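Handing you this structure, nothing more for now.
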Amino acid sequence: MSITQQHLLDAYRARTLGEPAPPAPGTHDRQVVGEGRDARRFRAVLVGRPARQGLRGALSRWRRRPT
């Protein structure tokens, strides 16, 4: 069963039971990724490592380094 089929089944069940429909697949993906990134940064600070900006920050630091 695909994600779309599961969502349609869940939406049908919710409608027949009078409950609110579940969110569509992929609705909160960006929020989940952001929360995961924040959690990794927080754990890094707790361990004592600097919280870096990830790939974008690394590329920016590399580009700005003195030659």
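Which of the residues that make up the range 49-67 are aliphatic (A, V, I, L, M) and exposed (fewer than 11 other Cβ atoms within 10 Å of the Cβ)? Show your work before the answer.
Restricting attention to the range 49-67, the residues satisfying the condition of being aliphatic (A, V, I, L, M) are 51, 55, 58-59.
Leu55 - this is the single residue of the range 49-67 that is aliphatic (A, V, I, L, M) and exposed (fewer than 11 other Cβ atoms within 10 Å of the Cβ).
Can you name the number of the only condition in (1) within 18 Å of the chain's Cα centre (by Cα); (2) modelled with pLDDT of 95 or more that Gly54 fails?
Checking Gly54 against (1) within 18 Å of the chain's Cα centre (by Cα); (2) modelled with pLDDT of 95 or more, the one that fails is (2).
Looking only at the range 8-27, which residues are assigned to a helix (DSSP H, G or I) and open to solvent by 100 Å² or more (accessible area, probe 1.4 Å)? Step through it out loud before you land on a result.
So the first thing to find is which residues in the range 8-27 are assigned to a helix (DSSP H, G or I), and the list is 8-17.
Leu8, Tyr12, Arg13, Arg15, Leu17 - these are the residues of the range 8-27 that are assigned to a helix (DSSP H, G or I) and open to solvent by 100 Å² or more (accessible area, probe 1.4 Å).
Let me ask something else. With the requirement that a residue be assigned to a loop (DSSP other than H, G, I, E, B) and either surrounded by 11 or more Cβ atoms within 10 Å (Cβ to Cβ) or at pLDDT 90 or above (or both), what does the range 28-48 give you?
Scanning the range 28-48 gives a single hit, His28.
The values are calculated or read from the model by the stated rules, or taken from the named source; none is laboratory data. The structure displayed is predicted, hence computed values, not measured ones. Using ideal geometry, Cβ is built from the backbone for each residue, glycine included, and neighbour counts are taken over all protein chains shown. These accessible areas exclude ligands, DNA and RNA; they are computed on the full protein's heavy atoms, side chains included. Shrake-Rupley method; radii C 1.70, N 1.55, O 1.52, S 1.80 Å.
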